[in-house]
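Below: one structure, written as structure tokens.
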Amino acid sequence: MLAELEPLAMSTAAYGFVIALGLLWGSFANVCIYRWPAGRSVVTPGSHCTACQAPIRWYDNVPVLAWLWLRGRCRACKAPFSPRYLVIEAATGALFGVAWWAAVIAPRCSSRSARGSCTSRSTPRSAS
Ligand SMILES: [Zn+2]
């Protein structure tokens with residue numbers, strides 16, 4: 001069963017999915033970081049601008065990308081959002097990617113490099 005899932009786990013789609021999951025987790029982590037110390041719910045209300053209280057639409061809440069295309073500002077009132085959001089989302093996405101690589105891809109890469117299923121060139125070939 002696990003062996004059948006291996007090609008899927010090794011695919012670029014899976015890698016992208018894991019990073020996307022990391023970005024979403026980072027986005028949620030930002031909510032927790034901001035609200036937990038204040039004793040507020042992390043579920044309600046939905047994301048909103050802390051300056052003008054305008055709700056943040058789903059397309060303005062896409063991790064990393066939304067921060068970039070809004071240039072770190074509220075769409076409604078142009079109040080700046082902390083670059084911390086961008087940094088935490090990007091870092092969490094990267095960490096998920098690194099973890100997936102280290103746990104899933106790299107172990108299979110090194111054991112199967114002879115079969116050419118891995119394109120990594122960092123795997124040192126054993127010299128005879
Ligand atoms: Zn605003």
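Annotations for the structure displayed:
- If you go through segment 76-90 and keep only what is part of a loop (DSSP other than H, G, I, E, B) and either modelled with pLDDT under 95 or among the hydrophobic types (A, V, I, L, M, F, W, C) (or both), you end up with ALA76, CYS77, ALA79, PHE81, SER82.
- Residue among ALA13, ALA20, ALA9 that is away from the ligand (no atom under 16 Å from the Cβ) and without any contact (Cβ under 8 Å) to a residue 12 or more places away in the chain: ALA13
- Some residue of segment 31-46 being away from the ligand (no atom under 14 Å from the Cβ), surrounded by fewer than 14 Cβ atoms within 10 Å (Cβ to Cβ) and among the polar types (S, T, N, Q): yes
- When CYS49 is tested against (1) over 21 Å from the mean Cα position of the chain (by Cα); (2) surrounded by fewer than 14 Cβ atoms within 10 Å (Cβ to Cβ), only condition (2) is not met.
- The lone exception for SER82 - which of (1) within 14 Å of the ligand (Cβ to nearest atom); (2) in contact (Cβ under 8 Å) with a residue 24 or more places away in the chain it fails: (2)
The values are calculated or read from the model by the stated rules, or taken from the named source; none is laboratory data. Treat the numbers as computed from the prediction; the structure is a model and nothing was measured. Virtual Cβ from ideal backbone geometry, glycine too; neighbours counted across all protein chains shown.
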